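The values are calculated or read from the model by the stated rules, or taken from the named source; none is laboratory data. Since the structure is predicted, the reported quantities are computational estimates derived from the model, not experimental observations. Positions of Cβ are generated from backbone atoms using ideal geometry, with glycine treated the same way; all protein chains shown enter the neighbour counts.
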Amino acid sequence: MANLKDIKSRIQSVENTKKITRAMKMVAAAKVKKAESSVKAARPFSNELLSLFRKMLSTVNEISQSGEKIEDSLSNYFGLLTRREIKTVGLVLISSNKGLAGAYNANVVRTILKKIKEYEDEGKKVVMYIVGQKGVSAFKHKNDDIEVAKTYLAVANDPTPSGARMIAEDVADDFINEKIDKIEIITTRFNNMMSYSVQDWTVLPVKLEEMTETKGEPDPLMEFIPSTDSILKKLVPMYVTNSIYQALLEANASELASRMTAMSAASNNAEEMIDTLTVNYNKARQGAITQELIEIVSGAEAQG
């Protein structure tokens, strides 16, 4: 029979663990509501911006800089929209800084490893831009052939437009300097409190296949004022930055929802374990009392 003291100590340990998991669940639940609101509020703008951008590019037959002054790589719309042979792919991986979120980070890392293998099989090089400590840790001892250009930790906990702009400037600079020929984001799309899906979004070069109906045909309803170039100079940085910002928002909400679900399951498992241990404790205690009674009776009979 198990020692009563050991069982009681284990029950106390599980009780303490349950308190922690319940607290983490409550914190995640409080944060995920705000994150869900941010995601749903940002989606209409992101969808409309993408639609407008693709429609504009499919309508404009020729893009030129036309003497526009370029302040930085992100504003160099001509260079960002230039199509060339894809030899090196820039992958932006969005993970979390903390664990205890179920299989969230494992699913993201598994997806990007599969994507990396596909590109390597095609003879393409991969350059990584990693958001979140868990992503950094996952690739710390991975294949040394994979280059990690930049890592971003603070933005994983607090997705902001300025944080997204920082990442956008880095990938745009490498794209303009032809260090990478494609920008792709590996993130998670928030579905609801119980589920998310890992997705990869191609940012550049822009996919125009969905706009084939208007490709190359000027839209009589679209008029560019003051000029196409001046609009693209504003629209391209906005598109790249917003794509990254939306991915950060989606990932943050997915991570919090995954953590809330994982901590809820952990709390339930702890409760079940406590019930089982309590039954074992009561059985062991009853057995100890019975044994003491037998010894007393046996002692009395021996004296009699």
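Whether any residue in the range 24-42 is aliphatic (A, V, I, L, M) and more than 20 Å from the chain's Cα centre (by Cα) is what I want to check. Break it down stepwise before answering.
First pass over the range 24-42, keeping only residues aliphatic (A, V, I, L, M): 24, 26-30, 32, 35, 39, 41-42.
Remaining after also requiring more than 20 Å from the chain's Cα centre (by Cα): 26.
Within the range 24-42, one or more residues are aliphatic (A, V, I, L, M) and more than 20 Å from the chain's Cα centre (by Cα).
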Residue list for the range 106-133, restricted to those being crowded, with 23+ Cβ neighbours inside 10 Å and either of a type outside the set (A, V, I, L, M, F, W, C) or more than 20 Å from LYS179 (Cα to Cα) (or both): VAL108, TYR129, GLY132
Output the number of residues of the range 35-51 satisfying the condition of being free of Cβ contacts under 8 Å to residues at least 60 places away in the same chain and surrounded by 12 or more Cβ atoms within 10 Å (Cβ to Cβ). 2
Regarding ALA253, is this residue part of a helix (DSSP H, G or I) and either acidic (Asp, Glu) or surrounded by fewer than 19 Cβ atoms within 10 Å (Cβ to Cβ) (or both)? no
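THR111: farther than 17 Å from ASN242 by Cα, modelled with pLDDT of 90 or more, under 17 Å from the mean Cα position of the chain (by Cα) and not in a helix (DSSP H, G or I), yes or no?
Values: farther than 17 Å from ASN242 by Cα: yes; modelled with pLDDT of 90 or more: yes; under 17 Å from the mean Cα position of the chain (by Cα): yes; not in a helix (DSSP H, G or I): no.
Taking the combined requirement at face value, the residue does not satisfy it.
Quick check on the range 114-161: of everything there that is of a type in the set (D, E, K, R) and part of a helix (DSSP H, G or I), which residue is farthest from SER254 (Cα to Cα)?
Keep residues of the range 114-161 that are of a type in the set (D, E, K, R), which gives 114-115, 117-118, 120-122, 124-125, 134, 140, 142, 144-145, 147, 150, 158.
Remaining after also requiring part of a helix (DSSP H, G or I): 114-115, 117-118, 120-121, 134.
Numbers: LYS114: 21, LYS115: 21, LYS117: 25, GLU118: 26, GLU120: 29, ASP121: 30, LYS134: 15 Å.
Selected residue: ASP121.
Can you name every residue in the range 21-40 that is of a type in the set (A, V, I, L, M, F, W, C) and closer than 13 Å to ARG259 by Cβ?
Within the range 21-40, the first condition is being of a type in the set (A, V, I, L, M, F, W, C), and the residues that meet it are 23-24, 26-30, 32, 35, 39.
Matches in the range 21-40: ALA23, MET24, MET26, VAL27, ALA28, ALA29, ALA30, VAL32, ALA35.
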Counting only residues in the range 273-299 that are closer than 10 Å to LEU4 by Cα and of a type in the set (A, V, I, L, M), the one surrounded by the most Cβ atoms within 10 Å (Cβ to Cβ) is identified as ALA284
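Do we have any residue at all in the range 80-97 that's on the phi > 0 side of the Ramachandran plot and either at pLDDT 90 or above or in a helix (DSSP H, G or I) (or both)?
Looking only at the range 80-97, we keep the residues that are on the phi > 0 side of the Ramachandran plot, and these are none.
Scanning the range 80-97, I find no residue that is on the phi > 0 side of the Ramachandran plot and either at pLDDT 90 or above or in a helix (DSSP H, G or I) (or both), so the answer is no.
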